[in-house]
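**Q** Take a look at this one; I'll ask things after.
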Amino acid sequence: MITRGYLVHALSPLHPGIGQGVGLIDLPIAREATTNHPLLPGSSVKGVLRAEARERADADGLESRLWRLFGPDQDNASAYPGALRVSDARILLFPVRSDRGTFAWITAPMVLHRFLRAVTSDQAGFSASDIPSPEEGQAAVVGQSALVDRDAIVLDGLPFRESRLETRLAGGLSQALFPDEPYWRDTLAIRLCVLHDDLFGWLVEQATDVRAHIRIGEGGTVEQGALWYEETLPPETVLAGIVQYAPNGEEITAEDAWEVLGDVTRAPIQLGGGATTGLGLARLRLLGGCS
């Protein structure tokens, strides 16, 4: 079995929905039951990858290999398992408004340790010893951070005291997400901010986008009672998961699997709901392989 990490980088608002909600938000996003952190279901990711791969299928036999890679169609679903297994993508970096530097990518010690538990240090670009443990009210940033104003950092209206962040952590995450884009590597490094686990959890609950929607009737006016609220993850959100290749006896190799996924993820893909309203445009990046 071969495991590779993957990162999902939202280029537009992202709605990994769960259907109708029971609270004030009619269409909330999916969240982990234990942490209440946002997540993107692995079944959704795999379904999109499968659909994208089928669109790119050509006459050299790729179409037949797709069934072996992703599993047979519904009419023959029990014939054999697909060779690819895709986990849920859990929150890794979350963008919040900053008084300096426009916005910050925030994360937390537990989030980073969970990421390292799923992938190797080589894939992540940092090790556990690089992860800080900020106290409540502290924000760990690199020395040349764009977020600092007179030793203070203000995120979404909340003030934090500056503490120091290892440059290897910032550099590793930047390289993993933007390996070929120097501007964005530097942008992430100077805007990365590690917060206390509790503060991070509060912000990923409270700082999502909630938008009101209406439905227009045939006469061009708003239909009676047709108002609803939809929650989305903001652009620049980054989630992380793993994809595994496991031989299934159907003559498709690991090289075949990574070739197909590499082709599929070369351009942005559509994830989650709301495609017709501009939601869900994202990039998916595969991290280096490990056994």
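The values are calculated or read from the model by the stated rules, or taken from the named source; none is laboratory data. From a predicted model like this one, the values you see are computed outputs, not experimental measurements. Note that each Cβ is placed from the backbone with ideal geometry, even for glycine, and that neighbours are counted across all protein chains shown.
**Q** Pairs only if they're at least six apart or on different chains, beta carbon under 7 angstrom, first in region 166-187 and outside any helix (DSSP H, G or I), second of a type in the set (D, E, K, R); list them, first residue then second.
**A** Short answer, once both residue conditions are applied: E166/D130; F178/R185.
**Q** Restricting to region 130-143, name every residue that is under 13 Å from G171 (Cα atoms) and not hydrophobic (A, V, I, L, M, F, W, C).
**A** D130, G143
**Q** A further question follows. Are there any strands (runs of 3 or more DSSP E) wholly within region 89-146 with 2 or more residues that are under 23 Å from P13 (Cβ atoms), and if so which?
**A** 89-97, 103-107
**Q** Please state which of the following conditions R4 fails to meet, knowing it meets all the rest: (1) touching a Gly at 6+ places or on another chain (Cβ under 6 Å); (2) at pLDDT below 90.
**A** Among (1) touching a Gly at 6+ places or on another chain (Cβ under 6 Å); (2) at pLDDT below 90, the lone unmet condition for R4 is (2).
**Q** Moving to a separate point now. Condition check: crowded, with 18+ Cβ neighbours inside 10 Å, over 21 Å from A207 (Cα atoms) and modelled with pLDDT of 80 or more. Does V48 satisfy that?
**A** For V48, the condition - crowded, with 18+ Cβ neighbours inside 10 Å, over 21 Å from A207 (Cα atoms) and modelled with pLDDT of 80 or more - is met.
**Q** Let me ask another. (1) touching a Gly at 6+ places or on another chain (Cβ under 8 Å); (2) at pLDDT 95 or above; (3) within 18 Å of Q175 (Cα to Cα): which one isn't true of G125, the others all being true?
**A** Condition (2) is where G125 drops out.
**Q** Out of region 153-165, which residues are assigned to a strand (DSSP E or B) and over 15 Å from L192 (Cα atoms)?
**A** L158, P159
**Q** Scan region 101-134 for residues that are touching a His at 6+ places or on another chain (Cβ under 8 Å) and loosely packed, with under 13 Cβ neighbours inside 10 Å and jot them down.
**A** Correct list: A128 only.
**Q** Which of (1) over 16 Å from E259 (Cα atoms); (2) modelled with pLDDT under 80; (3) not in a loop (DSSP other than H, G, I, E, B) does S64 not meet, given it meets every other one?
**A** Of everything listed in (1) over 16 Å from E259 (Cα atoms); (2) modelled with pLDDT under 80; (3) not in a loop (DSSP other than H, G, I, E, B), S64 misses just condition (1).
**Q** Can you go through V154, V204 and tell me which one is touching a Phe, Trp or Tyr at 6+ places or on another chain (Cβ under 8 Å) and without any contact (Cβ under 8 Å) to a residue 60 or more places away in the chain?
**A** When all the criteria are applied, what remains is V154.
**Q** Next question. Can you name every residue in region 145-193 that is among the polar types (S, T, N, Q) and either surrounded by fewer than 22 Cβ atoms within 10 Å (Cβ to Cβ) or outside the structural domain of F126 (by TED's automatic domain parsing) (or both)?
**A** Correct list: S163, T167, Q175, T187.
**Q** Pick out the one residue from R117, R100 that is basic (K, R) and over 20 Å from P41 (Cα atoms).
**A** R100
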